[in-house]
Structure formats: C-alpha cells, structure tokens
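Engineer: Structure provided below as structure tokens; questions to follow.
What follows is calculated from the coordinates using simple rules that are stated; it is not laboratory data. None of these values were measured; they are calculated from a predicted model.
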Amino acid sequence: MFALVAAFVFIGSFLLAAGTIVGMLMLYHDKMVAALTFEPIPREVPVYRLRISRRRAAPSTRRAVPVLAAALAA
C-alpha cells in the first residue's frame, strides 16, 4: 500500500513539474523568440585620444666647468 501511495505521489509531482515547464514555455514563447533573435544596435568604435606630456628639465643656474681645468685640479 505504501509503495502505491509513493508511486502516485512521485508520478503526480513529476506531472506537476512537467506541466509547469510546458506552461512556462507556452507563456513565454514570444519573449524567448524575441530574445534569441534580438540584434543590438552596433555601437561606435571607441576612439582613444592620448596626450603625452613630459616636464622639461629646468636649465641649470650653475656655470659649466671645463673638463680640462677640472682634470688639472685633481
């Protein structure tokens, strides 16, 4: 008797699940087809504009020492 009740519960739950799936497919069929066939509007290719700026070295205020004079002093 228990096996018979368990079989009916199992079959009933299986049929309920299958009916829910089929009902959802029928209810949302149009939306699924629209989502699968949707082609988004192509966007413009992004253009990157780079600006590279470097700081220039400030001119030195010291006087340059001639190499020969520095070598003789050493």
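Engineer: Using the Karplus curve 6.51 cos²θ - 1.76 cosθ + 1.60 with θ = phi - 60°, what ³J(HN,Hα) values do you get for each residue of the range 32-47, in whole Hz, with x for Gly and Pro?
Structural biologist: 5, 5, 5, 5, 6, 9, 6, 10, x, 5, x, 8, 5, 5, x, 10
Engineer: Ordered by residue, what ³J(HN,Hα) values in Hz, to whole numbers, does the range 4-10 give under the Karplus form 6.51 cos²θ - 1.76 cosθ + 1.60, where θ = phi - 60° and Gly and Pro are x?
Structural biologist: Computed from phi, the couplings for the range 4-10 are 5, 5, 4, 5, 5, 5, 5 Hz.
Engineer: Full extension from LEU27 to PHE10: what is 0.36 nm times the residue separation minus their Cα-Cα distance, to one decimal in nm?
Structural biologist: 3.6 nm
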